[in-house]
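Report on the structure given below.
The values are calculated or read from the model by the stated rules, or taken from the named source; none is laboratory data. None of these values were measured; they are calculated from a predicted model. Here the Cβ positions follow ideal geometry from the backbone for every residue, glycine too, while neighbour counts run over all protein chains shown. SASA here: full protein model, heavy atoms, side chains in, ligands and nucleic acids out. Shrake-Rupley method; radii C 1.70, N 1.55, O 1.52, S 1.80 Å.
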Amino acid sequence: MDKFQTFYDCIRQYDWHRVEDQIASATAADVERALANTKCTMDDFAALISPAAIPYMEQMAQEAHRLTVERFGHTIQMYIPLYLSNICTNACVYCGFNKYNKIHRRKLTEEEVKREMEAILKLGYQHLLLVSGEAEVVTGADYYEKMVRLVRPYFSQISLEVQPLKTEEYRRLHEAGVGYVCVYQETYNEAAYPDYHPEGKKHDYRWRLETPDRIAQADIQKVGIGALLGLENWRTDSFFTALHLRYMEQQYWRTKYSISLPRLRPAAGGWEPKDPIDDAGMAQLIMAFRILDPMVEISLSTRESSDFRDHVTPIGITSMSAGSKTEPGGYAEDNQDLEQFSINDSRSPQEFAEAMRKLGYEPVWKDWDTWM
């Protein structure tokens, strides 16, 4: 891959509709060639996520399982999100935090975060993901830094999923204790992107797209990317997620990476997905990403059902949450009217951990300390 200034320069070399056609026109021979290759190319990945690969799902599953066990063993990294705020200045049509939705808005104080933290620690977690709506005047880098420093002494790993920030702000947060930042492009289709993000800073496609570049440039140890499956053609969006991953790995090779596969869930506003992905499609994506990159972490949240998460664990998943609340104050209180989206797997962390053990997997509550 050529040397580009940012991923925006890279993605402009591709045409959305040509990639869509390439995936749709893939043949059985393309899939067989992809499975025979020792190093998966982007053309191979396009074949593996195509309709032509559906008859090869069992072969893909066996290879994905082999690669996952070879790199990660029989372990599942456990994390839990703590929502700091649901105040948002964006108008994303699919999100419960859309600024026009009539929900109660709340930003947690230090004392409220302490209560949330105490409840989470009782569940056994050591990996905390801080999440927030995007309203930089209310919840900017200063607020995040204060909250990171507040919780840092109690957790081995602090992660962040908030609005895109500047490189120097990421450096500050890294110094405060953040070791992992994830940001989802939602859709890589630049032409359609404004339709889903009509107002707010999130309307700026390029600013969001270049965020992983800024995170890596700030020397943060791990970067998470992904697309929101169901907005646009999920196969095409997944191709560009894979392209983004490959670009990041080549440009910032010292950094670790994680892929998330969030599927649209019911939320305030009642928006329906344009191109919904079914369970078989989700399984196909997980296997294809594992074959593409045996080293990448693949995360699956409580958006998915307990049965589905149990079934796909052996084919590539390395990181999951359990007992998640998607509203500010949700662990110490019961505030479902504040949630970003409804969860699908309602098992407690202990119930989830026991299910994993029955499948032969060991839940790992502590990955690595940020100071390392």
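Being without any contact (Cβ under 8 Å) to a residue 40 or more places away in the chain and open to solvent by less than 40 Å² (accessible area, probe 1.4 Å) is the requirement here; does Val312 meet it?
Values: without any contact (Cβ under 8 Å) to a residue 40 or more places away in the chain: yes; open to solvent by less than 40 Å² (accessible area, probe 1.4 Å): yes.
Judged against the criteria, Val312 is a match.
Residue-wise test of (1) surrounded by fewer than 17 Cβ atoms within 10 Å (Cβ to Cβ); (2) farther than 22 Å from Tyr83 by Cβ; (3) not acidic (Asp, Glu).
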residue: Val151; (1), (2), (3): no, no, yes
residue: Gln157; (1), (2), (3): no, no, yes
residue: Pro164; (1), (2), (3): no, no, yes
residue: Glu168; (1), (2), (3): yes, yes, no
residue: Cys182; (1), (2), (3): no, no, yes
residue: Thr187; (1), (2), (3): no, yes, yes
residue: Pro194; (1), (2), (3): yes, yes, yes
residue: Pro198; (1), (2), (3): yes, yes, yes
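Hey, among Ala52, Ala26, which residue is among the hydrophobic types (A, V, I, L, M, F, W, C), in a helix (DSSP H, G or I), over 30 Å from Gly360 (Cα atoms) and out of contact with any Leu (no Cβ under 8 Å at 6 or more places or on another chain)?
Details: Ala26 fails: in a helix (DSSP H, G or I).
Sole residue among the options that is among the hydrophobic types (A, V, I, L, M, F, W, C), in a helix (DSSP H, G or I), over 30 Å from Gly360 (Cα atoms) and out of contact with any Leu (no Cβ under 8 Å at 6 or more places or on another chain): Ala52.
Among the residues of the stretch 132-149, count how many are among the β-branched types (Val, Ile, Thr) and open to solvent by 20 Å² or more (accessible area, probe 1.4 Å). Lay out the reasoning, then the answer.
Start the filter on the stretch 132-149 by keeping residues that are among the β-branched types (Val, Ile, Thr), which leaves 137-139, 148.
After this cut, where a residue has to be open to solvent by 20 Å² or more (accessible area, probe 1.4 Å) as well, the list is 137-138.
Total meeting the criteria: 2.
Among what's in the stretch 20-58 and is among the β-branched types (Val, Ile, Thr) and surrounded by fewer than 20 Cβ atoms within 10 Å (Cβ to Cβ), pick the residue that is modelled with the lowest pLDDT. I'd like the intermediate steps shown before the answer.
Filtering the stretch 20-58 for residues among the β-branched types (Val, Ile, Thr) gives 23, 27, 31, 38, 41, 49, 54.
Still in the running and surrounded by fewer than 20 Cβ atoms within 10 Å (Cβ to Cβ): 27, 38, 41, 54.
Numbers: Thr27: 98, Thr38: 93, Thr41: 98, Ile54: 98.
Filtering the stretch 20-58 for residues that are among the β-branched types (Val, Ile, Thr) and surrounded by fewer than 20 Cβ atoms within 10 Å (Cβ to Cβ), the one modelled with the lowest pLDDT comes out as Thr38.
State which residue is nearest to Trp207 (Cα to Cα) when the search covers only the stretch 1-23 and only residues that are part of a helix (DSSP H, G or I) and over 25 Å from the mean Cα position of the chain (by Cα).
Looking only at the stretch 1-23, we keep the residues that are part of a helix (DSSP H, G or I), and these are 7-11, 16-23.
Then keep just the ones that are over 25 Å from the mean Cα position of the chain (by Cα); that gives 18, 21-22.
Values: Arg18: 24, Asp21: 28, Gln22: 28 Å.
The qualifying residue nearest to Trp207 (Cα to Cα) is Arg18.
Name the single residue that is least open to solvent (accessible area, probe 1.4 Å) among those in the stretch 94-131 being within 30 Å of Asp275 (Cβ to Cβ) and hydroxyl-bearing (Ser, Thr, Tyr).
Here is the first cut: in the stretch 94-131, the residues within 30 Å of Asp275 (Cβ to Cβ) are 94-103, 129, 131.
Keeping just the survivors that are hydroxyl-bearing (Ser, Thr, Tyr) gives 94, 100.
Working: Tyr94: 25, Tyr100: 127 Å².
So, considering only residues that are within 30 Å of Asp275 (Cβ to Cβ) and hydroxyl-bearing (Ser, Thr, Tyr), the one least open to solvent (accessible area, probe 1.4 Å) is Tyr94.
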